[in-house]
Amino acid sequence: MPVPDSAHPPAFPMHVSVEEARAMLAALLPDPGTETVAVAQALGRVLAGDLTALVSHPSATESALDGIACREADTRGAGPDTPVSLRVVGESRAGEPFTGEAGPGECVRIYTGAPMARGTDAICPVEQLRDQGPDAVELLRAASPGDVRAEGSDFRAGEVVMRAGLPLTSPRLALATALGHATVTVRRRLRVALLSTGDEVVAPGTPLRAGQVYDSNSVGLGAMLHEAGCEVVPLGHAPDRPEALEDAIARAGGADVLLTSGGVSMGKYDFMRDLLIDRGRVAFWKVRMRPGGPALLGGWKGLPVFGLPGNPVSSLVVFHVIVRPALTGQPVQTLRLRAATPFRTLGDKTAFWRATITGGQVSDYGQQGSGVLRSLSDAGALVVVPEGRKVEAGDEVDVILL
Ligand SMILES: Nc1nc2c(c(=O)[nH]1)N[C@H]1C(S)=C(S)[C@@H](COP(=O)(O)OP(=O)(O)OC[C@H]3O[C@@H](n4cnc5c(N)ncnc54)[C@H](O)[C@@H]3O)O[C@H]1N2
Ligand code: MOO
C-alpha cells in the first residue's frame, strides 16, 4: 500500500491524540508476569502484590531522644531556676531494655530508639539535664510525652502498607525491608529491543565522515528504558535498506516490543514506515503532537513495533510522554507552574515546548528545533500546551520535569 494521501485513504488511524497513542501502545504490550527478587535488587521495579507489615514499627514504645525517661507528672514546673531532681534507677539502651520499673521520683537513663521503662511516660533530653553523681539528675525543664514514639505508630503488624502497582523507589525499598520483607514479588521486566535506523547514523567512538551523525538515540533511549525498569535488547543501528531493517528486527529475538528510531516520516528513504505499512501491521501513524508527530505504532510478525521519529529531541519527547507511561503503567508526572513568558499555541497539536524553571516560574527555552539536542539537556522541563490553548505570561501551565 502506498503512503496515504488524498488519493489513497489510509487503512489505519492517523493523527491520533497523545492519550490514544499511549493507550494503543499499552494495549499491544504483553503481560510480563511476575518474579520474586531480593528487596535490595528491586529498585525501579513495580510491586506485583500488596505488601503487609510482618512486624510493628516501632516494635515497642521508645524514646526519640538521648536523655532520661520519667513520669511527666514528677517534672511539671521544672526550669533553669527551679530544677527538679530525680533518682536514676537504671538504663535502657536500644537492644538492651531496662527490665525493672521506675516509680515516682525515679528515672532511667535512655537512648534514642530504646524502649521506655515501665512506669515512665516522658523524656527529658541530656541537654536539659545536670548530673548530680551517677544516681541522680536535675531536670532544667519538664519532661515531654511528645518525645516518645508509640509502638506501631509508623506501621502495625498485619497492616497493608504498600499496594500492588507501586513503583519501588529507594525510600520504598527501605520501607519494604522495615516491614520485614527480604524479597518482593514484582512485575517481570519488559524486554525492549532498541534499534536506530539511518545510513548516516554511526556508533559512538568512531571518527565521523561528512554527513554522518553519532547514534545518540540508542544511548539516550537505552538509558530511559533502564530508568523505566525495562531490560534492553540493544540492536545497534541499521542502514536505510528494507532488507537490513528486516535482518535487524529478526535479531529482536524474544523481546516483548521493538522500539526503533528514524525512518517514519515522509521521505523516500523512510523505510521503517514502508516496511510496516506494506508488509507489517500499522495501528496508527502520526500523533497530534510536536515534537514527535511522525511516530508510528504497528507490528512485525507478531512483535509490537513502536517507530519513534529520528530527530533526537522528538524521539526522547515521544518516549517521555507516550512510551514510558505505556511501558510502566505510570502516568506522566506534571507540576502546575506559572509561565514567565508566552508559549506558542498549535491549532491541532499538543505542544511540548522545552522550558527552563527559575524562581518557581517557567520560561520558553527559545530554540525549539527537533535537532537541537542540547536544548533537552539545558532546558530541564517541558511545558505542555494543549491543542488550541493560548498561554500568556502569568498563566498556569502543566510542566513535565526531564
Ligand atoms: N516533508 C516532511 N518532512 C518531514 C516531516 C513532515 O511531516 N513532512 N516531518 C518532520 C518531522 S516532524 C520529523 S520528527 C522528522 C522525523 O523523520 P524520521 O523519523 O523519518 O527520521 P529520519 O529522517 O530518519 O531522521 C531525522 C533526523 O534525525 C537524525 N537521526 C536519526 N537517527 C538518529 C540517531 N539514532 N541518533 C542521532 N540522530 C539521529 C537524522 O540524522 C536526521 O537529521 O521528519 C521531518 N520531516
Ligand atoms: O516531530 Mo518533528 O519533531 O516536530 O521535528
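In the distance distribution for segment 1-83, Cα-Cα pairs more than 17 Å apart total 78 percent. The spacing between segment 276-327 and segment 135-166, judged by their C-alpha centroids, is 51 Å. Here segment 1-30 and segment 338-402 have alpha carbon centers that stand 26 Å from each other. Loop-located trypsin sites (Lys or Arg not before Pro) in segment 309-375 (DSSP state not H, G, I, E or B) with no more than 15 neighbouring Cβ atoms inside 10 Å: ARG344.
Summary of packing: across the peptides 200-208, 111-119, the per-residue average of other C-beta atoms within 10 Å ranks them, highest first, as 111-119, 200-208.
Return one quarter of the surface area of the convex hull spanned by the alpha-carbon atoms of segment 255-357, equal to its mean projected area, in nm². Computing the convex hull of the Cα atoms and averaging its projections yields 7.9 nm². In the chain, helices alone account for a calculated mean residue ellipticity at 222 nm of -4500 deg cm²/dmol, with every DSSP H run of four or more residues adding -39,500 (n - 2.57). When you count the other C-beta atoms within 10 angstrom of each residue and take the mean per peptide, 94-102, 237-245 line up highest first as 237-245, 94-102.
Cysteine residues of the chain whose C-beta has no other cysteine C-beta under 4.7 angstrom: CYS124, CYS230.
The reciprocal of the average 1/r between distinct C-alpha atoms defines the Kirkwood hydrodynamic radius, which for segment 116-169 equals 14.8 Å. For the chain, take the longest principal axis of its alpha carbons; what is the angle in degrees between that and the long axis of helix 18-28, to the nearest 10 within 0 to 90? The angle comes out near 90 degrees. Averaging the sequence gap over all C-alpha pairs within less than 8 Å and six or more residues apart, then dividing by the number of residues, gives the chain a relative contact order of 16 percent.
Distance between the C-alpha centres of segment 41-103 and segment 228-243: 56 Å, rounded to the whole angstrom.
For segment 331-402, applying the loop criterion from DSSP together with a ceiling of 12 other beta carbons within 10 Å to the GluC sites (Glu not before Pro) yields GLU392.
Normalising the Debye intensity of the chain to I(0), with uniform scatterers on Cα atoms only, and taking log10 at q = 0.07, 0.12, 0.13 Å⁻¹ returns -0.52, -0.94, -1.04.
Coordinate-derived values only; no laboratory data. Because the structure is predicted, anything quoted here is derived from the model rather than measured. Counting neighbours? That spans all protein chains shown, and the Cβs are built from the backbone with ideal geometry, glycine included.
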